1. For chain A, set up a Gaussian network in which alpha carbons nearer than 10 Å are linked by springs, and say which option among A:R104, A:R144, A:R48 fluctuates the most.
2. Expressed as an acute angle from 0 to 90° and rounded to the nearest 10, what is the orientation of the C-alpha long axis of helix B:217-235 relative to the principal long axis of chain B?
3. Treating cross-link reach as a plain straight distance, find the aspartates and glutamates whose alpha-carbon is under 16 Å from the alpha-carbon of B:K87, omitting any fewer than eight places away in the same chain.
4. Determine the share of chain A's accessible area contributed by carbon and sulfur atoms, expressed in whole percent, with a 1.4 angstrom probe.
5. At 1.4 Å probe radius, can you tell me the per residue accessible area of region B:272-314 in Å²?
6. Relative to the longest principal Cα axis of chain B, at what angle does helix B:116-131 sit, 0 to 90 degrees, rounded to 10?
7. Loop only by DSSP, 10 or fewer other Cβ within 10 Å of the Cβ. Give me the chymotrypsin sites (Phe, Trp or Tyr not before Pro) in region A:262-319 that pass, ordered by residue number.
8. Scanning chain B for GluC sites (Glu not before Pro) in DSSP loops with at most 11 other Cβ atoms within 10 Å, what's the longest stretch left with none?
Amino acid sequence: MRVAWSFLLVVLLAAVAFFGADAGGQALFGVVLPYVAMVVFLVGIAARVLSWARSTVPFRIPTTCGQQRSLPWIKPASLDNPSTGRGAAARVLLEVFAFRSLFRNTRSELRPGGRFTFSPDKWLWAGALAFHYAFLVVFLRHYRFFAEPVPAVVRWIEGLDGFFQVGLPVVYLTDIVLVAALGFLLWRRLEDARLRYLSLHADYFPLALLLGIAVSGVLLRYFVRADVVRVKELAIGLVSLHPAVPQGISPLVFAHIFLVTVLIAYFPFSKLVHMAGVFLSPTRNLANDTRMRRHVNPWNPAIVGHTYAEWEHEFHDKLKASGIPLDEE
Amino acid sequence: MPEKTRDELVQIDFKPPEREWMDPAIDFEARRGTWSYPAAAKNLRYLGFPNPREWSPTDEDWQLPENWQQIIHDGLAERLNKYRSLKLFLDVCVRCGACADKCHFYLGSGDPKNMPVLRAELLRSVYRNDFTTAGRILGRIGGARKLTPAVLKEWFYYFYQCTECRRCSVFCPYGIDTAEITMLARELLNLVGLNINWVIEPVANCDRTGNHLGIQPHTFKDNIEFLVDELEDATGVRVDPSINRKGAELLFVVPSADYFAEPGIYTFMGYLLLLHALGVDYTLSAYASEGGNFGLFTSHDTIKRLNYKIYHEAKRLGVKWILGGECGHMWRVIHQYMDTMNGPADFLEPPVSPITGTAFTNAAATKMVHVCEFTADLIKHGKLRLDPARNDHLRVTFHDSCNPARAMGILEEPRYILRSVVNNFFEMPENTIREQTFCCGGGAGLGNDENMEMRLRGGLPRANAVRFVHEKHGVNRLACICAIDRAVLTTLMEYWVPEVDVSGVHELVGNALAIDGEKPRNTDLRGRPLAGGKGDADA
Ligand code: HEM
Ligand code: SF4
Ligand code: SF4
């Protein structure tokens, strides 16, 4: 059971930080490891993106998902089959912000008599979008810990997020959505036999880790009540490069921070690099304009095919006999 | 035809096996009917490709070069630097499974390794092992596998079980194109001499004679003359195509199947009739006598090598621009590779229709125009006299061929033509056409007889949709703009929907086209009687 191993690992990681901090490791879990992880993240992501960038794009291979631009009276699909750089940029942004391709998803079913049906299936799209946006908002809300005074935007987001004013402290909508969406993504991986078949540890671990982060965060906000003032002191110390470890922070905070630390350090070596990769995908970020403008391959090999002269030489007599014009008599 | 009946073939088991996918095991003997024969040594020798030998996938020993692992490792390293697509696609997949049930081979076979994501994992697992730190350290836990002979055999099986149709790429949130992965995996396989004859023989033929079928110039001319005679019988009009004529305005390049075998020949007759009716100054070439390019199923270098002839010949003949016939993978090459590989075509002129004066600005650089673009423009400008009632014996649907749909986007042009030349046109269900079209199951060199079971399985989703419109609207003609389609869909229909015939779009243009000097047309180009009276649409 790959999924069990992943959760076990996350629980272990949390426990290490929890007890480690309790046993006096606050500086390690609160300062040293976060810095190390940040460096690993920055260097790792930069290296990854550079390694992609170093690979050439010899051919222009957009996957065209709509009508090409051809005759003036035929309406081209300028987003799904862009013929300009701008169009291609818009296409990528649509992928990034709206998961455009995932929105096309269909579900196939084999009916009796060997008939397939294909019906739209927006669940993965909705679940993925819910998770990513909730994650983004939660991420942005955390700026309240890193800045004094808390920026207006962050307050504004918090206001929106806590709009429903349920409970005290106010329950953030995104907390619920984040956990629910992660739960859904995990559930579908386990429920669908073929997804279960193809999933690796590397697919369960990020979900387990993110769930671990979300759940420990929820505990801290609604149940265990961390000492926000001290946590903020720690956070501001970190970003201002004057780290300090205030006393009396709950070990659960360190567990939470450590899981985030692991996520950050793990990021560049995992499938999570899709965050950067989505911008560079050659089937999405190139305009479908190869017949309009020449695309240059920097290493175009000097290959010459079987030339006409060679061909005419080989078939000379047959050509002559059948009256096909020749270059040489 | 395979021994299995239709009812047997549709008993598809989608339950994944107990055995984990990381543990390869393919019994080629038991899986006859689902793989293609290896390339004959003589073809490899002619092409100068590595490791020519006689062998069979059922052999225990595949007679690989001694250092085959190193060759593949080095080949992969080289391609990771050369193709950002490959590197990125190997890195970013999240295994969300959106592509899983999009592949016709998965749908038709239930074999989980035909899910595009797992097809790619076959290579990705080796990439992890050889090129990533995590893979090196974690091994199997990190999804990494060593390249063992069993893994290599699995590559051979599954990378020659992908038609490079790109349907998966449409649905992937990162545009991961398993066709691209397959293309590069086949390049690696070629390095150690693992290839299939149905790809390599056409490549060798094309290199030598000018076309996949190995038709030599005198036979080329005979074939064309035969078709000209046939066309005269059907229409009373004698067309006069020229071959290798210098100074013509256009070079016209078609897939060789169009002048070789049914039903492509009727499409060819349609082209000739059209060009004749308009008095277009064009020539065919016996040297560049192939539009298709099986290099696409071999390696990028081979694409370039075969495609070289088209510009080379256009330059020699001194034509202004090039017109291309109906063919799927041909147009992937022309649209996405030709100019980059063999351009710039600065010896040609930006294409302008000699009849309407329309400038084909979308082909300004490559200078090659698709015959459907050409004809749609003619119809729009009212340059053709069309009598769609002459197609009233046909109830037509249109199959978007994979490459023109997903590597070009020529969706409306053929539809516009069809709506102008037939009265009864019906679309197949939405999720099976346009960019979501289903493959014929026999592209990328898989359209051979020994692979028949897999072809029929892979073609099932397409056949299903045809059957749907056949039952609902009485459709009896499947039109398409691809030469491979015309060949393999014919077989597919015979098996799954025998009431339906296959044809090119220009065959239907040829049926409907009224020309000066024609005799009263009471048959179509196939010699079949037309429907009762004209306008007698719904018989
Ligand atoms: C530009 C930013 C990003 C984009 C466009 C993006 C897009 C996507 C898409 C389209 C999917 C596939 C759907 C799915 O499986 O849920 C996905 C999956 C995933 N993303 Fe992102 N993502 C981004 C950033 C991130 C970040 C920052 C994280 C983590 C902190 C993340 C974590 C994940 C995870 C864990 C999955 C897999 C979910 C599963 O296993 O089902 N993504 N992402
Ligand atoms: S759709 Fe794309 S990201 Fe999802 S499993 Fe398939 S290839 Fe991977
Ligand atoms: S390219 Fe087509 S055949 Fe190949 S994996 Fe994708 S959907 Fe299947």
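The values are calculated or read from the model by the stated rules, or taken from the named source; none is laboratory data. Fair warning: this is a prediction, and the values are worked out from it, not measured in the lab. FYI the Cβ positions are ideal-geometry reconstructions off the backbone, even for glycines, and counts take in every protein chain you see. Surface areas here come from the heavy atoms of the whole protein model, side chains and all, with no ligands, DNA or RNA. Shrake-Rupley method; radii C 1.70, N 1.55, O 1.52, S 1.80 Å.
1. Judging by the Gaussian network model, the answer is A:R104.
2. 50 degrees
3. Reachable aspartates and glutamates: B:D74, B:E78, B:E121, B:D130, B:D177, B:E180, B:E187.
4. Values: 11330 of 16000 Å².
Percent of accessible area from carbon and sulfur atoms in chain A: 71.
5. Numbers: 700 Å² over 43 residues.
Solvent-accessible surface per residue comes out at 16 Å².
6. Tilt relative to chain B: about 50 degrees.
7. Numbers: sites: A:Y266, A:F269, A:F279, A:W299, A:Y308, A:W311, A:F315; in loops: A:F279, A:W299, A:F315.
Here the sparse-neighbourhood loop sites are A:W299.
8. Values: sites that count: B:E3, B:E18, B:E20, B:E29, B:E54, B:E60, B:E66.
After excluding every exposed loop site, the longest remaining stretch is B:67-539.
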